[in-house]
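Presented below is the structure to which this report refers.
Here, each number is a calculation from the coordinates, and none is a lab measurement. All of these numbers come straight from a predicted model, not from anything done at the bench. As a convention, Cβ positions derive from the backbone with ideal geometry for all residues, glycine included, and neighbour counts pool all protein chains shown.
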Amino acid sequence: MNNEELTNYFDEQLFLPDLMATSKDELFVELVDQFVKVKYLKNRDIVLEMLRQRENLGSTGIGKNVAIPHGRTTSAQDIMIAFGKSRQGIEYDAIDNKPVHLIFMIIAPPQDQSNMYLPILGKMVEILNKAKNRNKLLEAETYSEFIEIISRG
Amino acid sequence: MEKKQINLLVALQDLDMMIEEISEMKRLGFNTEREDELLKARHDLSAKIKKPLLFSYEKLKKRYKRAIVPVKEDNTCLGCFIKLPTSLSSIGRTDSEVIYCEGCGRILYWLT
Ligand SMILES: [Zn+2]
């Protein structure tokens, strides 16, 4: 998985640079509703349930103001990633207890032919571990700026 | 009625996929310390599913990695890629009964 390949899994319609949500639950609803609105997902409640169960396993707030909620669901047909940014920050129960500002929600189908789910997750973690990338993402206002950061990672 | 059962089964498979991938998630650096919570949730959820349906799910899981698969817009089963009859799809979309693939026997789930 290289950075160029990773950009294929984003969509301008799933780019939310100014989230309204103030809690983890509101955040999940806001992002999942967007997936449903742009017709990537059908069954909103099942996907929300899956994401909440995932959080029960351990927070996907990986620290440094970043969260990567993720999971496979039978309700999805393709892997897609939504990006959301919160100016005020969201209480997320992250490992470092800091509020979350950058959110990447990764939704994958039960089977993907090329088995891209885990490589995508790994690549996202790698990109977000770099302070330089996090700072740029916090400043990105447009989708093209955003994709530029991801592709250079 | 069946719609609710199918949705519970989808939720169960989603949980099972999560449980299968715990070690990978840990390797990627995610916190997975509350594994027990997930196993408990699986136990509680499977208790809500009717025995015959749960039994056929468990049986299919032994044969296939995924027991319940989505049906693509062009009416193909995402498990075996057989083209399904249109009549089956119209019943399937209403979620009024549990439908099995004629090709591979997996439980089918309509996305649209
Ligand atoms: Zn089939």
Looking only at region B:58-112, which residues are in contact with a Lys or Arg (Cβ under 7 Å, 6 or more places away or on another chain) and part of a helix (DSSP H, G or I)? B:LEU60
Got at least one residue in region B:56-67 being closer than 21 Å to A:LEU41 by Cβ, among the acidic types (Asp, Glu) and either more than 13 Å from chain A (Cβ to nearest Cβ) or away from the ligand (no atom under 16 Å from the Cβ) (or both)? no
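For region A:29-46, does any single residue satisfy the condition of being among the aromatic types (Phe, Trp, Tyr) and under 21 Å from B:ALA11 (Cβ atoms)?
Taking region A:29-46 first, the residues among the aromatic types (Phe, Trp, Tyr) are A:35, A:40.
This time we only want the ones that are under 21 Å from B:ALA11 (Cβ atoms), so: A:35, A:40.
Within region A:29-46, one or more residues are among the aromatic types (Phe, Trp, Tyr) and under 21 Å from B:ALA11 (Cβ atoms).
Could you say whether any residue in region B:28-46 is within 16 Å of the ligand (Cβ to nearest atom), within 21 Å of A:ARG44 (Cβ to Cβ), among the small types (Gly, Ala, Ser) and in a helix (DSSP H, G or I)?
no
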Among the candidates B:ASP74, B:ASP36, B:ASP44, B:ASP14, which residue alone is within 10 Å of chain A (Cβ to nearest Cβ) and either loosely packed, with under 14 Cβ neighbours inside 10 Å or of a type in the set (Val, Ile, Thr) (or both)? B:ASP36
Condition first: assigned to a loop (DSSP other than H, G, I, E, B) and farther than 15 Å from A:THR74 by Cβ. Now tell me which residues in region B:1-27 satisfy that. B:MET1
Scan region B:77-112 for residues that are within 13 Å of chain A (Cβ to nearest Cβ) and either near the ligand (Cβ under 9 Å from one of its atoms) or surrounded by fewer than 17 Cβ atoms within 10 Å (Cβ to Cβ) (or both) and report the count. 10
Within region B:54-71, which residues are crowded, with 17+ Cβ neighbours inside 10 Å and hydrophobic (A, V, I, L, M, F, W, C)? B:LEU54, B:LEU60, B:ALA67, B:ILE68, B:VAL69, B:VAL71
Condition check: over 16 Å from the mean Cα position of the chain (by Cα) and over 29 Å from B:ILE22 (Cβ atoms). Does B:LEU38 satisfy that? no
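Need a quick list: helices (runs of 4 or more DSSP H) entirely within region A:53-153 having at least 1 residues that are crowded, with 23+ Cβ neighbours inside 10 Å and out of contact with any helix residue (DSSP H, G or I) (no Cβ under 7 Å at 6 or more places or on another chain).
Because the criterion is at least 1 residues that are crowded, with 23+ Cβ neighbours inside 10 Å and out of contact with any helix residue (DSSP H, G or I) (no Cβ under 7 Å at 6 or more places or on another chain), the helices (runs of 4 or more DSSP H) in region A:53-153 that meet it are A:117-128.
Can you pull out every residue in region A:8-49 that is in a helix (DSSP H, G or I) and away from every other protein chain (no Cβ under 14 Å)?
Listed by number, the residues that qualify are A:LYS24, A:ASP25, A:GLU26, A:LEU27, A:PHE28, A:VAL29, A:GLU30, A:LEU31, A:ASP33, A:GLN34, A:LYS37.
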